[in-house]
Structure formats: C-alpha cells, structure tokens
1. Calculate one ³J(HN,Hα) per residue across region 85-98 by plugging θ = phi - 60° into the Karplus curve 6.51 cos²θ - 1.76 cosθ + 1.60, and present them in order as whole Hz with x for glycine and proline.
2. Just going by the charge dipole of the chain, with Lys and Arg at +1 and Asp and Glu at -1 on Cβ, which of Thr69, Val91, Thr5 is farthest out on the positive end?
3. In deg cm²/dmol, rounded to 500, what helix-only [θ] at 222 nm does the chain give when every DSSP H run of at least 4 residues adds -39500 (n - 2.57) and the total is split over its residues?
4. How much length would be gained if the chain were fully extended between Gln23 and Glu59, taking 0.36 nm per residue of separation minus their Cα-Cα distance, in nm to one decimal?
5. Using a Gaussian network model on the chain with a 10 Å cutoff between Cα atoms, which of Gln23, Gln68, Gln56 fluctuates the most?
6. Within the chain, how many Lys pairs that are eight or more residues apart, or on different chains, come under 22 Å at the alpha-carbon?
7. With the crude spin-label approximation of a point 7 Å out along Cα→Cβ, what separation in nm comes out for Lys85 versus Arg48?
8. Starting from the amide H of Tyr45, placed 1.01 Å from N in the peptide plane, find each other amide H under 5 Å away whose residue is 5 or more places distant or on another chain.
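Just so you know, all these numbers are worked out from the coordinates, no wet-lab data involved. Here the structure is a predicted model, which means the values were calculated and not measured. A quick note on method: Cβ atoms are made from the backbone with ideal geometry, for glycine too, and the neighbour counts reach across all protein chains shown.
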Amino acid sequence: MNKTTVVEMSVIAELFSNKSKYQHSEATGHRGIPDEWHDGMQSEYNERFIYYRHPQMPENYFMKETYQTDSYGSEERITNVEFVKGVEKQVTVFEPIN
C-alpha cells in the first residue's frame, strides 16, 4: 500500500532554517577508518547520521542527513539528505540458559 504524506513547505523551510533547534538524535554509520588511524585505505570513510524532527511533521517522520569523511577521517561533508520514517523492529537476542 502506497500512502501519500503531505508536509507544508513552510514546515520544511523552518526545519532547514533552524536545524539545531529540531535535532532529534545522531547515529554512527559505516566505520572504515579506526579512531587510532589518521589515514585510511583509499575510498574508505567514516559515516554518521543526524535526524531532525519538526513538531508539525507527521508522527515518526524525520529528516536524515548523512555525513561522510574522506579517507583520512577528516573533511566531513553532507553526502545525502532524505526524509525517513522511524519504524520499530523486533530483535531476538540469544542468551545462555542458566
């Protein structure tokens, strides 16, 4: 089922104008360059994601920015901006029986 979600352009403009006000969370992505290295292998990178949420956006909808470094682990830049939906997922963990 494909459902259309409408967000007013003024809400998106406000989100971009005041990103720090609407920052929700941050997560680590791909880690191709260990912290103790200051130069990685060619084409490797580190990645992180920042999620933003404006209160007038639909529930569980966020703007996600993806940041990547160069192969030296520095020169971080935005490589992608997209709107995403937060979805809960069940994870099964197998623990020893005592």
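1. With coefficients 6.51, -1.76 and 1.60, one gets 10, x, 10, 6, 10, 8, 10, 9, 10, 9, 10, x, 8, 9 Hz.
2. It is Thr5, whose Cα lies furthest towards the positive end.
3. Calculated from helices alone, the mean residue ellipticity at 222 nm is -3000 deg cm²/dmol.
4. Values: separation 36, 0.36 × 36 = 12.96 nm, distance 1.51 nm.
Between Gln23 and Glu59, full extension yields an extra 11.4 nm.
5. Gln56
6. 9
7. Once both label points are built, they end up 2.9 nm from each other.
8. Here the answer is Gly32, Ile33, since their amide H atoms fall under 5 Å of that of Tyr45.
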